[in-house]
Amino acid sequence: MRHFLTLEDFSKEEILEIINLAIKIKNKPKKKRYLKGKTLGMIFEKSSTRTRVSFEVGMFELGGHALFLSHDDIQLGRGEPLKDTARVLSRMLDFVMIRTYEHKNLEEFASYSSIPVINGLSDDFHPVQLMADYMSMVEYKKDKNPIVAYIGDGNNMAHSWLMLSAKLGFELRVASPKGYECDGLIIHKALKIAKKSNAKIRFFHNPKEAIKNADVVTTDTWISMGQEDEKEQKIRDFKGYMIDNELLSLAKKSAIFLHCLPAYRGYEVSEEVLEGDQSIIFDEAENRLHVQKAILVWLDKQRKK
């Protein structure tokens, strides 16, 4: 059974196959009902705008149906074991998407599931977002030997950029303050994969060094959901890491700016950059819908093989 938990589980060819399918689906004037009669269960421990809407609308447009399952509204929130929920839902649904905190919970759920499980976000990875980001890079012709600069917290977005770079073989520069670097084990895995793809992955504490001549500049919120009590400390620790016009000017003039949203103006990115000509954040957000569709269709095809 193929699941979609992290990009580490996919080959370069498979990632590009899904991206190409997403572009094909996006550019089709008539919506093809690839998943007619199929049902997706969506389990949310963390709330969301783009993840919920993209999966729910995506299933509808593919001819299927999506069920919103709040963690607190189902028995998981009352202590039912993950393995029991996974086996029950496997008998009623065709797919499950989970947006959660601990990545190990996704892995446990998937190990007992007989239907595809999709990672809608975990504390370690956000692979569906990275697929939309790369699709946006392809559309803006920033996918040929790009230099990508990620400026900010070494979180699930940074980890997912590490895996995408390692799999596809492009140069990635990650700049984070001391104490906020990416997880060491995930770095080790990414660098091991990068040796085979010839990806160049570098780490910095100075954002100005990381962003120099970059083709793609990206960041994420400094205060992730569940970390609100760290806000004031992080604002101090991330001083100098806000992507403003001055910092962005060090990238190539043709560089594009990406952000997974929600964005907090005046913290990780300035209003001028977010609303500027180099920002493609709303194209990127729309692409969540098309990529979600492609992932679902691709996983469905794998089950039939």
Margin query: Considering only residues that are under 23 Å from Glu209 (Cβ atoms) and not in a loop (DSSP other than H, G, I, E, B), which ones fall in region 275-288?
Written below: Ser279
Notebook entry, point to check: Is it true that Ser136 is among the hydroxyl-bearing types (Ser, Thr, Tyr) and either more than 30 Å from Lys178 (Cβ to Cβ) or over 14 Å from the mean Cα position of the chain (by Cα) (or both)?
Noted result: yes
Note to self: Which count do you get for residues in region 180-212 that are under 26 Å from Leu248 (Cβ atoms) and not in a helix (DSSP H, G or I)?
What the structure shows: 12
Margin query: For region 264-282, give me each residue that is surrounded by fewer than 18 Cβ atoms within 10 Å (Cβ to Cβ) and in contact with a helix residue (DSSP H, G or I) (Cβ under 6 Å, 6 or more places away or on another chain).
Written below: Arg265, Glu272
Check: Yes or no: Leu299 within 19 Å of Trp222 (Cβ to Cβ) and among the aliphatic types (A, V, I, L, M)?
Finding: no
Check: Among the candidates Leu296, Leu261, which residue alone is in a loop (DSSP other than H, G, I, E, B), of a type in the set (A, V, I, L, M) and within 21 Å of the chain's Cα centre (by Cα)?
Finding: Leu261
Notebook entry, point to check: Among the listed residues Arg87, Arg91, Arg99, which satisfies the condition of being free of Cβ contacts under 8 Å to residues at least 60 places away in the same chain and either surrounded by 21 or more Cβ atoms within 10 Å (Cβ to Cβ) or not assigned by TED's automatic domain parsing to the domain that holds Arg50 (or both)?
Noted result: Arg99
Next item on the list: Check whether at least one residue in region 156-173 is on the phi < 0 side of the Ramachandran plot, assigned to a loop (DSSP other than H, G, I, E, B) and surrounded by fewer than 23 Cβ atoms within 10 Å (Cβ to Cβ), and report yes or no.
Entry: no
Notebook entry, point to check: Restricting attention to region 213-257, and to residues there that are under 18 Å from the mean Cα position of the chain (by Cα) and outside any loop (DSSP other than H, G, I, E, B), which single residue is surrounded by the fewest Cβ atoms within 10 Å (Cβ to Cβ)?
Noted result: Phe257
Check: within 17 Å of Thr221 (Cα to Cα) and assigned to a helix (DSSP H, G or I): does that describe Asp133?
Finding: yes
Next item on the list: Taking only region 52-107 into account, find how many residues are touching an Asp or Glu at 6+ places or on another chain (Cβ under 6 Å) and of a type in the set (S, T, N, Q).
Entry: 1
Note to self: Being free of Cβ contacts under 8 Å to residues at least 24 places away in the same chain and on the phi < 0 side of the Ramachandran plot: is that true of Glu139 here?
What the structure shows: no
Next item on the list: Hey, could you check region 156-204 for residues that are under 15 Å from Leu7 (Cα atoms) and of a type in the set (S, T, N, Q) and say which is farthest from the chain's Cα centre (by Cα)?
Entry: Ser197
Checklist line | Every residue from region 96-123 that is of a type in the set (A, V, I, L, M) and more than 21 Å from Asp220 (Cα to Cα) | finding: Val96, Met97, Leu106, Ala110, Ile115, Val117, Ile118
Notebook entry, point to check: Only one of these conditions is not met by Asp133: (1) in contact with a strand residue (DSSP E or B) (Cβ under 8 Å, 6 or more places away or on another chain); (2) surrounded by 21 or more Cβ atoms within 10 Å (Cβ to Cβ); (3) farther than 19 Å from Ser48 by Cα. Which number is it?
Noted result: (3)
Item checked: Number of the condition not met by Asn145 [criteria: (1) within 30 Å of Leu248 (Cβ to Cβ); (2) at pLDDT 95 or above; (3) within 18 Å of the chain's Cα centre (by Cα); (4) not aliphatic (A, V, I, L, M)] -> (3)
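The values are calculated or read from the model by the stated rules, or taken from the named source; none is laboratory data. Treat the numbers as computed from the prediction; the structure is a model and nothing was measured. Glycine gets a Cβ as well: all are built from the backbone with ideal geometry, and neighbour counts include every protein chain shown.
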